[in-house]
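See structure below.
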Amino acid sequence: TWLLPVEAAQTLLPADLAGMQMWQRQGLTPFTALSYQHRHFGPSALRGLRRLFPSPRQSNWRLYLDAGPAHAPDTRTVLFLKNIMDSTLFTLATRLFSDALPTHLPARFVHERSGNALRTSIAPGAGSAPALEAFLQIAAPDDPQAKQLPKALAGLFGSWDEAVRFLALQDAAVAPCIGTEPVQLAFAEIELPIDVAQVLPAQAVGEVHCGLLADLPAALQTSPTFCFVVPQVPCRVLSECVLPPSTP
């Protein structure tokens with residue numbers, strides 16, 4: 001997660017969504033790249049047969065809205081800017097069957113942990129996926145400094161737990177539908193029951209390279225990269241619909 005000036009974050013939005021009200025404090029808003037390894041990702045109705053499904057890696061990059069969009073519940077909602085998966089099958093499936101999760105297929109996607117070291121690397125190749133290169137070190141459990149917020153985040157959140165709870169726990173996500181005019185938003189309700197007590201603090205080793213922010217050097221100087229690791233969580237997509245277009 002990085003803190004960006006709201007004006008800089010607005011430049012990341014598709015042109016049709018410029019002016020969307022993002023959550024902000026002191027003129028700053030968080031931008032998060034959340035990466036994870038699925039375990040037999042598939043329809044919950046198939047129950048035990050889901051073990052036949054593959055376990056793709058996925059990364060979704062989001063901004064945080066101040067409120068739910070028009071025609072949707074007013075709940076904790078993120079706006080998906082990019083979604084990346086390393087499976088051709090799932091990328092095609094999301095393009096064909098999901099309005100809320102249009103996906104990019106990278107040339108290479110590494111997301112692996114070895115002891116307390118974690119590496120995430122997304123190489124776009126000739127595709128449209130954004131690049132990411134990050135090396136993290138998970139803090140020792142007895143490190144008294146591990147859960148101290150960087151100064152910039154401490155001005156927005158009262159504690160490390162509060163920051164993680166806000167950044168990791170959402171009830172819904174929206175994404176612009178491809179090919180709609182005027183632009184329409186797809187709205188998905190999600191269940192993400194993360195126990196903040198199980199979340200591990202981590203530190204970036206060296207500079208984290210995020211391709212989407214490469215043209216915003218001033219924004220990157222606003223705060224250091226804030227990192228944490230969620231060891232395991234059950235995630236469910238509860239519903240998905242296309243919202244009616246907003247009227248001026």
Answer yes or no: is there a residue in the stretch 151-163 that is closer than 30 Å to P69 by Cα, small (G, A, S) and in contact with a Phe, Trp or Tyr (Cβ under 7 Å, 6 or more places away or on another chain). yes
Mind checking whether some residue in the stretch 166-173 is open to solvent by 50 Å² or more (accessible area, probe 1.4 Å), at pLDDT 85 or above and not aliphatic (A, V, I, L, M)? yes
Taking the stretch 55-70 as the search range and keeping residues that are part of a loop (DSSP other than H, G, I, E, B) and open to solvent by 30 Å² or more (accessible area, probe 1.4 Å), which one is farthest from H209 (Cα to Cα)? A70
Starting from residues that are modelled with pLDDT under 90 and small (G, A, S), keep the ones in the stretch 32-51 and report whichever is farthest from Y64 (Cα to Cα). G48
Got at least one residue in the stretch 193-213 being farther than 18 Å from R113 by Cβ, surrounded by 10 or more Cβ atoms within 10 Å (Cβ to Cβ), at pLDDT 80 or above and of a type in the set (V, I, T)? yes
In the stretch 67-96, residue nearest to D171 (Cα to Cα) [restricted to those that are modelled with pLDDT under 80 and of a type in the set (S, T, N, Q)]: T94
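A quick yes/no check of all residues on (1) open to solvent by 20 Å² or more (accessible area, probe 1.4 Å); (2) over 22 Å from P201 (Cβ atoms); (3) touching a Leu at 6+ places or on another chain (Cβ under 8 Å):
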site: P102; (1), (2), (3): yes, yes, no
site: A107; (1), (2), (3): yes, yes, no
site: A117; (1), (2), (3): yes, no, yes
site: I122; (1), (2), (3): no, yes, yes
site: P130; (1), (2), (3): no, yes, yes
site: D143; (1), (2), (3): yes, no, no
At pLDDT 70 or above and surrounded by fewer than 14 Cβ atoms within 10 Å (Cβ to Cβ): is that true of T29 in this structure? no
Which members of the stretch 214-246 meet the condition of being of a type outside the set (D, E, K, R), at pLDDT below 85, open to solvent by 40 Å² or more (accessible area, probe 1.4 Å) and within 20 Å of W61 (Cβ to Cβ)? A214, P217, A218, L220, Q221, T222, P224, V233, C235, V237
For the stretch 71-100, name all the residues that are open to solvent by less than 20 Å² (accessible area, probe 1.4 Å) and not hydroxyl-bearing (S, T, Y). V78, L79, N83, I84, M85, A100
Please go through the stretch 103-135 and pick out each residue that is outside any strand (DSSP E or B) and in contact with a Lys or Arg (Cβ under 6 Å, 6 or more places away or on another chain). P130
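The values are calculated or read from the model by the stated rules, or taken from the named source; none is laboratory data. The structure displayed is predicted, hence computed values, not measured ones. For neighbour counting, all protein chains shown are included, and Cβ atoms are generated from backbone atoms with ideal geometry for every residue, glycine included. When the accessible area is computed, the model is the full protein with side chains, heavy atoms only, and any ligands, DNA or RNA have been set aside. Shrake-Rupley method; radii C 1.70, N 1.55, O 1.52, S 1.80 Å.
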